[in-house]
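In what follows, a single structure is set out as structure tokens and then discussed.
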Amino acid sequence: GIYLIIWATLFVLMLPICKRWGETTVVIYVATGSVVASLTIVSAKVFSSLVTRGVTKGFKLDWLTPVPYLSLVFLILTCVGSMHFVNMAMMKFGNSQVVPVYYAMFTTASVASVGFVFREFQCVVSTTQASVFGAGVFLATSGVFL
């Protein structure tokens, strides 16, 4: 619930920014595409978990509710939406600029969203673990911008 509110707010805030500054900097369209793509990752995890549970425990448990069908529709819509913004960036800027920046931003947004939604950061119990994780994400993404 709160995750969707946060990302929906970010997306709504980014749309006017795309119109105003999308033509001048590669980060704007790519950041918007990354936010939408992180929703694709979350909905793919939800849908695949439902399929896995359906195969192992029977499809009647979850598949009589609208959740699997809504997650599949959401998966498709966010996938198409994220590619729209990446294509907009590629029309304005070269692929050599867009692809590395998208990789860095998509990775960061996906790690953050999946970690937040599925509570995967609960295993990080010490500041050392958090620092090492943060340094790893920083190193993976900073190489793109150097």
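Here are some notes:
- Only one entry in F116, F106, F85 is open to solvent by 90 Å² or more (accessible area, probe 1.4 Å) and either within 22 Å of K45 (Cα to Cα) or assigned to a helix (DSSP H, G or I) (or both), namely F116.
- When each of M91, M105, M83 is tested for being free of Cβ contacts under 8 Å to residues at least 60 places away in the same chain and within 16 Å of the chain's Cα centre (by Cα), the lone residue that passes is M83.
- The set of residues from segment 17-47 being surrounded by fewer than 17 Cβ atoms within 10 Å (Cβ to Cβ) and more than 18 Å from the chain's Cα centre (by Cα) comprises I17, K19, R20, W21, E23, T24, T25.
- Among the residues of segment 1-51, the ones that are more than 23 Å from M91 (Cβ to Cβ) and not in a helix (DSSP H, G or I) come to 1 in all.
- In segment 52-79, of all residues being of a type in the set (S, T, N, Q) and assigned to a helix (DSSP H, G or I), the one that is most open to solvent (accessible area, probe 1.4 Å) corresponds to T56.
The values are calculated or read from the model by the stated rules, or taken from the named source; none is laboratory data. Everything numeric in this text was worked out from a predicted model, so none of it was measured. Heads up, the Cβs are rebuilt from the backbone with ideal geometry, glycines too, and the neighbour counts pull from every protein chain shown. Note: accessible area is taken over every heavy atom of the protein model, side chains too, but ligands, DNA and RNA are not part of it. Shrake-Rupley method; radii C 1.70, N 1.55, O 1.52, S 1.80 Å.
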